[in-house]
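Everything on this sheet refers to the single structure shown next.
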Amino acid sequence: FFQQCKTSPTSTSQTNLISNQSEQIKSEFVTANDTIIWNEHVHDFRTVPSGPSANAKYTFVNKTSQKIKIDKVEVGCSCTASDYSKNEILPNDTGWISASYKTANTFGYFRKHVDVFFTNGKKTHLILTGTVDPMIQSGK
């Protein structure tokens, strides 16, 4: 009836590791000069029902001295979908990436990624995590 999305159960140590990795990545991006600053790199949905997609929106500010554009976005598996800003992002302007994890007929912990490639050669690795609980009633 339900299928487990090829990931392992989460633990407190995994959650702490993800949180620490997120802070390390964020601090590297914030302190680097001529870069792209993200609102977050890891989005944790915590617990979600099976059925409706779990949706996240990542935003970034272009802190480079040049206009940039997203060249392509690659998702880690077919259970993840994305969309993104198609226009050029001028210095100090904001762009976005949306990512959706398809929770229908799944259960358990998930950790998926979305890779963002910019025309200036920069790359960002975004992560979606959470746990699908089929016993939770969705709002739909």
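The values are calculated or read from the model by the stated rules, or taken from the named source; none is laboratory data. On a predicted model such as this, the values are computed, not experimentally measured, just so you know. Note that we place each Cβ from the backbone using ideal geometry, even for glycine, and neighbour counts take in every protein chain shown. For the accessible areas, the whole protein counts, side chains as well, though only heavy atoms, and no ligand, DNA or RNA atoms are used. Shrake-Rupley method; radii C 1.70, N 1.55, O 1.52, S 1.80 Å.
On the stretch given as region 92-111, residues that are outside any loop (DSSP other than H, G, I, E, B) and in contact (Cβ under 8 Å) with a residue 60 or more places away in the chain total 6. The residue list 124, 94, 80 contains one member that is within 14 Å of residue 57 (Cα to Cα) and under 13 Å from the mean Cα position of the chain (by Cα), which is 80. Residues that are in a strand (DSSP E or B), surrounded by 16 or more Cβ atoms within 10 Å (Cβ to Cβ) and of a type outside the set (A, V, I, L, M) within region 67-83 comprise 80, 82, listed in sequence order. Just checking, does region 56-71 include any residue being in contact (Cβ under 8 Å) with a residue 60 or more places away in the chain and more than 19 Å from the chain's Cα centre (by Cα)? No, every residue in region 56-71 fails to be in contact (Cβ under 8 Å) with a residue 60 or more places away in the chain and more than 19 Å from the chain's Cα centre (by Cα). Test residue 6 against the criterion of being basic (Lys, Arg), modelled with pLDDT of 95 or more and open to solvent by 40 Å² or more (accessible area, probe 1.4 Å), and give yes or no. Against the criterion (basic (Lys, Arg), modelled with pLDDT of 95 or more and open to solvent by 40 Å² or more (accessible area, probe 1.4 Å)), residue 6 does not qualify.
Is it the case that some residue within region 115-126 is part of a strand (DSSP E or B), closer than 12 Å to residue 45 by Cα, charged (D, E, K, R) and touching a residue at least 24 places away in the same chain (Cβ under 8 Å)? There is no residue in region 115-126 that is part of a strand (DSSP E or B), closer than 12 Å to residue 45 by Cα, charged (D, E, K, R) and touching a residue at least 24 places away in the same chain (Cβ under 8 Å).
I need the full set of residues from region 107-117 which are buried (at least 16 other Cβ atoms within 10 Å of the Cβ) and either under 18 Å from residue 57 (Cβ atoms) or in contact with a Cys (Cβ under 6 Å, 6 or more places away or on another chain) (or both), in order please. Within region 107-117, 110, 112, 113, 114, 116 meet the criteria. Only one of the listed residues (64, 131) is part of a loop (DSSP other than H, G, I, E, B), buried (at least 16 other Cβ atoms within 10 Å of the Cβ) and not basic (Lys, Arg). That residue is 64. Restrict the check to region 38-47 and report whether at least one residue is more than 28 Å from residue 102 (Cα to Cα), touching a residue at least 24 places away in the same chain (Cβ under 8 Å) and either outside any strand (DSSP E or B) or open to solvent by 80 Å² or more (accessible area, probe 1.4 Å) (or both). Looking through region 38-47, none of the residues is more than 28 Å from residue 102 (Cα to Cα), touching a residue at least 24 places away in the same chain (Cβ under 8 Å) and either outside any strand (DSSP E or B) or open to solvent by 80 Å² or more (accessible area, probe 1.4 Å) (or both).
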